[in-house]
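S.K.: Input: one structure, supplied below.
The values are calculated or read from the model by the stated rules, or taken from the named source; none is laboratory data. Since we're looking at a predicted model, the values are computed, not measured. When we count neighbours, we look across all protein chains shown, and the Cβ atoms used for this are built from the backbone with ideal geometry, even at glycine. The area values use the complete protein model at the heavy-atom level, side chains included, leaving out ligands, DNA and RNA. Shrake-Rupley method; radii C 1.70, N 1.55, O 1.52, S 1.80 Å.
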Amino acid sequence: MRCTSGARLSTEITSGRIQVNGVDLHYQRTGSGEHAVLLLPGALGSSQTDFGPQLKLLDKKAFTVIGWDPRGYGRSIPPARDYPEDFFSRDATDAVNLMQALHFKRFSLLGWSDGGITALVAAGSYPLLINKLIVWGANAYVTEEDLALYNAVKDVSKWSPGMRKPLEDLYGINYLTSTFSTWVDAMTNIFQKFDGNICRHLLPLISCPTLIIHGMKDPMVPLFHPQFLHQQVKKSSTQNHNHGADYRIVTSKRKPLFSAHLHVTFKENIWQECY
């Protein structure tokens, strides 16, 4: 294992790299609590761009928090990102193996967008390893409606500056443009070749307590997706947020509210409101 600034337990945010499944994966780590939590970013996201507030504000005594950059994203480059037919399963295996390489026997998952899908796949594929699960902006299958939404934003030059600039700064415009276009093509392939199925078959296998969050103003994830997840995941609860989209839930600087809920959610035996 090669660490850029150490992997010691700390209230500071440290950064490291570790080889997992033939790839050097970058991760951030903070806290020294007994409850390990892995943060899973969305498509083209990274630990720092997607979870900076959580890394800073989650209770360092209650949790040990790991944020990772999936292969081809963030600082886990090389390799360049690709999207084979099993890329969600590959990411889930990478995520679980990363936590095992960091010597966590059981851990919770917090994922949004593609990271939420990866978390669902991991929880269904490795149920004995997952303690608790929180997802938002996630879907278990792809529909024609979803593809229309994806294709409407395939041209990243049409994104709002607030959405585009952090990723342009991270990747450069060429990598961002080509990678997101390839992601849209990969989702189209899932729809055409697999009847849209990403992980419908795995949802009944998820055995851990699960919280499904949905931003009612989310322009990219229709409400039927979190409703389906709730129907299929046995120990699940839902929470709808009327004040914003799922992207704003994860990136907004108004994080004490959400982090407080996350703290209670992970610490208690059952899900409960904290505000």
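S.K.: Please go through (1) in contact with a helix residue (DSSP H, G or I) (Cβ under 6 Å, 6 or more places away or on another chain); (2) open to solvent by 20 Å² or more (accessible area, probe 1.4 Å) for D91 and return the number of the only condition it doesn't satisfy.
M.R.: Just one mismatch for D91, condition (2).
S.K.: Do we find that M163 is buried (at least 24 other Cβ atoms within 10 Å of the Cβ), more than 14 Å from the chain's Cα centre (by Cα) and assigned to a helix (DSSP H, G or I) in this structure?
M.R.: So M163 fails the test.
S.K.: Of all helices (runs of 4 or more DSSP H) completely enclosed by the range 169-275, which ones contain at least 3 residues that are modelled with pLDDT of 95 or more, farther than 25 Å from L128 by Cβ and open to solvent by less than 80 Å² (accessible area, probe 1.4 Å)?
M.R.: Details: elements: 173-193, 224-232, 246-251, 255-267.
Helices (runs of 4 or more DSSP H) meeting the threshold: 173-193, 224-232.
S.K.: Output the residue which, of all residues in the range 95-123 that are part of a helix (DSSP H, G or I), surrounded by fewer than 24 Cβ atoms within 10 Å (Cβ to Cβ) and without any contact (Cβ under 8 Å) to a residue 40 or more places away in the chain, is farthest from the chain's Cα centre (by Cα).
M.R.: Q100
S.K.: Same structure, new question: Can you name the condition, by its number, that L149 falls short on among (1) assigned to a helix (DSSP H, G or I); (2) surrounded by fewer than 19 Cβ atoms within 10 Å (Cβ to Cβ); (3) in contact with a helix residue (DSSP H, G or I) (Cβ under 7 Å, 6 or more places away or on another chain)?
M.R.: Failing condition for L149: (3).
S.K.: Now, a different point. State all residues of the range 124-136 that are within 24 Å of H241 (Cα to Cα) and open to solvent by less than 10 Å² (accessible area, probe 1.4 Å); if no residue qualifies, say none.
M.R.: Of the residues in the range 124-136, the ones within 24 Å of H241 (Cα to Cα) are 132-136.
L133, I134, V135, W136 - these are the residues of the range 124-136 that are within 24 Å of H241 (Cα to Cα) and open to solvent by less than 10 Å² (accessible area, probe 1.4 Å).
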